[in-house]
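Enquirer: Before we start, here is the structure in question, set down as structure tokens.
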Amino acid sequence: MERDIPRRGCVRVAQEESIARSILDVVGRANVRSAEHCMTRLRLELVDAGSVDQNQLKKISGVKGVVRTGSQLQIIFGPGLAERVTAAVASELKSGQGGPAQAPARTQSTIEQKAASPGVRGFLKKIANIFLPLLPAIIGSGLIIGLTNFFVRIGWITDQTTVAGVPLLAVLQVLGGTFLGFMHILVGMNAAREYGGPGAIGALAGMLLIAPSLQNIPNMAPGRGGIIGALIAGAFLGWLYKTVNRRMPDTISVMATPFITVLVGGAVILFVVQPIGFYASNWIATGVKALLDVGGPLVGAVLAGTFLPMVMLGIHQGTVPIHVELINSLGNTPLLPILAMAGAGQVGASLAVYVKTRDRELRQIILSALPVGILGIGEPLIYGVTLPLGRPFIAACLGGAVGGAFIAVTKIGALALGVSGVLLAFLVTSPVLYLLGILISYAAGFAIAYVMGFDESLAQNSRTFAFTAD
């Protein structure tokens with residue numbers, strides 16, 4: 001007898017274990033390789049993603065949408081709930097039979113399946129997997145940096161400001177800047193894991209690029225390879241460790257594999273990867289700046305207009321290393337304010353749907369998703385409103401493109417990374433121009449969606465949405 005699946009409704013904390021069990025009943029416990037999450041999604045790496053009935057997942061309480069990309073199944077819940085459900089799924093896997101706990105099972109088949117991910121989408125998926133676990137620290141540090149700069153700019157905090165005799169500015173700089181200063185280590189660690197090696201080896205790769213003693217070697221300096229260098233170094237050292245370990249006799253592998261990996265791979269990182277990372281970082285900064293200088297509003301429109309489809313595929317976090325390198329090289333990232341207009345266009349389009357629809361439940365979904373959408377978390381509106389209705393999603397992309405064109409003309413940038421939406425105003429070089437761009441995107445998204453309209457009969461399908469990107 002099949003187990004009843006909880007229907008959509010108000011999600012309480014007590015229901016999270018029930019949601020987790022329902023997901024595992026549909027997916028299959030033995031089918032789960034790993035369970036991770038980002039801000040809005042439970043991300044399940046599966047043995048056989050094609051065997052999962054996505055329609056059954058859509059019926060589970062709290063699920064706003066389902067996306068399958070290759071071997072990964074992404075179940076959209078929204079901020080907060082995604083993290084709690086992931087913890088419940090990990091707990092169920094740990095206590096039950098089949099599947100791992102939170103940490104991915106780095107079996108040979110898992111590695112081969114990851115390596116088989118095709119094309120650009122597969123590469124961006126790997127990048128996203130490397131940076132997703134770092135997002136809480138990136139956002140927390142970025143907000144502290146941005147708010148500190150904002151308060152310094154308006155004169156609320158100075159070098160002389162103290163709290164209980166402690167210089168406040170110095171404390172905030174430590175809180176905001178420490179993670180970014182050592183981010184290379186964590187990027188290297190995650191990259192090595194993603195490419196089949198142990199995390200500690202990848203962490204060492206990141207350390208090699210920021211070691212203070214590098215200044216004693218001609219033509220080298222700590223941090224010269226940048227985050228791109230740490231990404232390449234971690235991936236390379238992880239791959240090298242895995243390759244050497246395969247060919248090493250068991251009797252000496254425990255000592256010989258790490259020794260050869262660090263000696264040979266470390267030398268390659270210092271003399272090959274670091275220069276490559278340095279020039280790649282400069283190329284990214286120069287290329288983006290030149291692209292925006294030459295293309296201006298057209299480039300801004302294309303970038304913002306195509307960002308929502310990237311969010312839909314769950315590969316938008318692949319842009320994080322580009323933002324970090326731009327901040328390191330230029331002092332700010334001009335891409336982040338442009339891409340943030342995509343979410344604003346969607347808010348406008350969703351408001352147009354709210355005005356035109358007669359479906360009460362759809363209106364309630366829009367009202368509940370709008371606050372997080374305004375704050376820059378767009379998945380609830382994507383999967384609950386615009387994408388199932390079709391034309392409003394196109395209107396959202398076009399509305400974002402209008403705002404992106406405006407932001408590209410203003411040439412403002414974000415001083416640090418954080419959530420987009422209105423809160424990004426604290427992190428940009430010109431809050432007034434940024435908020436004006438937000439309003440322009442709202443208005444454009446609303447107007448285009450209102451004119452394009454939508455099929456009212458599709459409103460019943462906006463409760464949940466399933467999408468396969470193969």
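The values are calculated or read from the model by the stated rules, or taken from the named source; none is laboratory data. Just so you know, these numbers come straight off a predicted model, no measurement behind them. Cβ coordinates were reconstructed from backbone atoms using ideal geometry, including for glycine residues, and neighbour counts include every protein chain displayed. Accessible surface areas use protein heavy atoms only, side chains included; no ligands, DNA or RNA. Shrake-Rupley method; radii C 1.70, N 1.55, O 1.52, S 1.80 Å.
Enquirer: Go through the range 407-429 and count every residue that is assigned to a loop (DSSP other than H, G, I, E, B) and not polar (S, T, N, Q).
Expert: 8
Enquirer: Could you list all residues from the range 279-295 that are over 17 Å from residue 328 (Cβ atoms) and aliphatic (A, V, I, L, M)?
Expert: 290, 291, 292, 294
Enquirer: Also, I was wondering about something else. Restricting to the range 227-269, name every residue that is of a type in the set (Val, Ile, Thr) and either in contact (Cβ under 8 Å) with a residue 24 or more places away in the chain or touching a Lys or Arg at 6+ places or on another chain (Cβ under 8 Å) (or both).
Expert: 227, 228, 232, 261, 262, 264, 268, 269
Enquirer: Also, quick follow-up: Of all residues in the range 359-382 being out of contact with any helix residue (DSSP H, G or I) (no Cβ under 7 Å at 6 or more places or on another chain) and of a type outside the set (Asp, Glu), which is most open to solvent (accessible area, probe 1.4 Å)?
Expert: Per the criteria, the residue is 360.
Enquirer: Still on this structure, please answer the following. Quickly run through the range 351-401 and pick out the residues that are modelled with pLDDT of 85 or more, among the small types (Gly, Ala, Ser) and within 23 Å of the chain's Cα centre (by Cα).
Expert: Within the range 351-401, 373, 396, 399, 400, 401 qualify.
Enquirer: Go through the range 383-398 and report how many residues are open to solvent by less than 60 Å² (accessible area, probe 1.4 Å) and among the basic types (Lys, Arg).
Expert: 0
Enquirer: Further, regarding this structure: Within the set of pairs 6+ apart or on separate chains, which have a first residue in the range 44-60 that is more than 13 Å from residue 34 (Cα to Cα), a second that is polar (S, T, N, Q), and C-beta atoms under 8 Å apart?
Expert: 51/31; 52/31; 54/468; 58/464; 59/464; 60/22
Enquirer: Do we have residue 224 as more than 24 Å from the chain's Cα centre (by Cα), assigned to a helix (DSSP H, G or I) and free of Cβ contacts under 8 Å to residues at least 60 places away in the same chain here?
Expert: It is false that residue 224 is more than 24 Å from the chain's Cα centre (by Cα), assigned to a helix (DSSP H, G or I) and free of Cβ contacts under 8 Å to residues at least 60 places away in the same chain.
Enquirer: Here is a follow-up. Could you tell me which residue of the range 323-341 is farthest from residue 282 (Cα to Cα), considering only residues that are in a helix (DSSP H, G or I) and touching a His at 6+ places or on another chain (Cβ under 9 Å)? Steps first, answer last, please.
Expert: Just the residues of the range 323-341 that are in a helix (DSSP H, G or I), to begin with: 323-330, 335-341.
Next, only the ones that are touching a His at 6+ places or on another chain (Cβ under 9 Å) stay: 335-336, 339.
Values: 335: 16, 336: 18, 339: 21 Å.
Once the filter is applied, the top-ranked residue is 339.
Enquirer: Taking the range 53-69, which residues are open to solvent by 40 Å² or more (accessible area, probe 1.4 Å) and either part of a loop (DSSP other than H, G, I, E, B) or aliphatic (A, V, I, L, M) (or both)?
Expert: 53, 59, 64
Enquirer: Given 274, 215, which one is surrounded by 18 or more Cβ atoms within 10 Å (Cβ to Cβ) and farther than 30 Å from residue 408 by Cα?
Expert: Within the list 274, 215, the selection yields 274.
Enquirer: Can you pull out the residues in the range 138-158 that are surrounded by 14 or more Cβ atoms within 10 Å (Cβ to Cβ) and more than 11 Å from residue 175 (Cβ to Cβ)?
Expert: Those that are surrounded by 14 or more Cβ atoms within 10 Å (Cβ to Cβ) and more than 11 Å from residue 175 (Cβ to Cβ): 138, 139, 142, 146, 149, 150, 151, 152, 157.
Enquirer: Filter the range 90-119 for residues that are under 28 Å from residue 418 (Cα atoms) and at pLDDT below 65; which is most open to solvent (accessible area, probe 1.4 Å)?
Expert: 102
Enquirer: Moving to a separate point now. Take the residues of the range 70-89 that are under 17 Å from residue 33 (Cβ atoms) and open to solvent by 10 Å² or more (accessible area, probe 1.4 Å): which is modelled with the lowest pLDDT?
Expert: 70
Enquirer: Can you confirm whether residue 292 is crowded, with 16+ Cβ neighbours inside 10 Å and more than 27 Å from residue 210 (Cα to Cα)? Steps first, please.
Expert: On the way: crowded, with 16+ Cβ neighbours inside 10 Å: yes; more than 27 Å from residue 210 (Cα to Cα): yes.
So residue 292 fits the description; yes.
Enquirer: So, one more: Filter the range 438-470 for residues that are open to solvent by less than 50 Å² (accessible area, probe 1.4 Å) and in contact with a Ser or Thr (Cβ under 7 Å, 6 or more places away or on another chain); which is modelled with the highest pLDDT?
Expert: Going through the qualifying residues, I end up with 459.
Enquirer: Out of curiosity, is residue 234 open to solvent by less than 20 Å² (accessible area, probe 1.4 Å) and assigned to a helix (DSSP H, G or I)? First the steps, then the outcome.
Expert: Working: open to solvent by less than 20 Å² (accessible area, probe 1.4 Å): yes; assigned to a helix (DSSP H, G or I): yes.
So residue 234 fits the description; yes.
Enquirer: For the range 152-185, name all the residues that are assigned to a helix (DSSP H, G or I) and either of a type in the set (Val, Ile, Thr) or farther than 30 Å from residue 231 by Cβ (or both). Steps first, please.
Expert: Taking the range 152-185 as the starting set, the residues that turn out to be assigned to a helix (DSSP H, G or I) are 152-153, 168-185.
Once the filter is applied, which keeps residues that are assigned to a helix (DSSP H, G or I) and either of a type in the set (Val, Ile, Thr) or farther than 30 Å from residue 231 by Cβ (or both), the range 152-185 yields 152, 153, 168, 169, 170, 171, 174, 178, 185.
Enquirer: I've got another one for you. Might you let me know whether the range 4-14 holds any residue that is part of a helix (DSSP H, G or I), surrounded by fewer than 22 Cβ atoms within 10 Å (Cβ to Cβ), in contact with a Lys or Arg (Cβ under 8 Å, 6 or more places away or on another chain) and modelled with pLDDT under 85?
Expert: yes
Enquirer: Of all residues in the range 340-358, which are of a type outside the set (Gly, Ala, Ser) and open to solvent by less than 20 Å² (accessible area, probe 1.4 Å)?
Expert: Those that are of a type outside the set (Gly, Ala, Ser) and open to solvent by less than 20 Å² (accessible area, probe 1.4 Å): 341, 346, 347, 353, 357.
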